[in-house]
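Q: Following this message is one structure expressed as structure tokens.
Rule-based calculations on the coordinates, nothing more; no lab input. Since the model is a prediction, treat every value here as computed from it, not as a measurement. No Cβ is skipped: glycine too gets one built from the backbone with ideal geometry, and neighbour counts run over all protein chains shown.
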Amino acid sequence: MISGCFNNLTTKRKVAVAMSGGVDSAVAMALLLKDPSIKDIIGLHMINWDNRQDDDDDDGRRKSCYEEDLKDANAVCCHLSRTANITIPLHKVSFASEYWTNVFEPYVEGIMMGQTPNPD
């Protein structure tokens, strides 16, 4: 049985939380902050798309969903930092190349073969 197997930890742990900018990751981080066995916590925001490859919007600006998500993830880390009276840094990690090769290209290939793939 897995439940309870971490209850006897005496060392403080360092934890990284994948921060999407959404509610689920914000709640996960908030709950982890209540765990007394955690010493340090950081946020990681994954960037899975290279916006330089996107088409321009009608007004000439680049489309950018990840910038809003990053802004939201940063706001969560800032808010929880103030609430918990600690510093929670947020780091950007780019997986754009890996996402293109391992997720997007197989997705397009699946469509071209008449399949209905689920990209991620």
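Q: Provide the net charge surrounding Ala73, with neighbours chosen by a C-beta distance below 15 Å and charges set as Lys +1, Arg +1, Asp -1, Glu -1.
A: Once positives and negatives cancel, what remains is -3.
Q: Sticking with this structure for a sec: Give the residues of the stretch 65-79 whose amide nitrogen is closer than 19 Å to a point set 7 Å from the Cα of Trp100 in the direction of its Cβ.
A: Hits in the stretch 65-79 for Trp100 at 19 Å: 65-67.
Q: Separate question: Can you give the extra length, in nm with one decimal, that the chain gains between Lys39 and Thr11 once fully stretched, where that is 0.36 nm per residue apart less the Cα-Cα distance?
A: Extra length from Lys39 to Thr11 when fully extended: 9.2 nm.
Q: Next question. Testing the spin-label approximation: label points 7 Å from Cα along Cα→Cβ at Ala28 and Gln115. State their distance in nm.
A: The modelled label-to-label distance comes out at 2.6 nm.
Q: Quick one: net charge of Asp40's neighbours, Cβ under 13 Å, K/R +1, D/E -1?
A: Counting the neighbours of Asp40, the net charge comes to +3.
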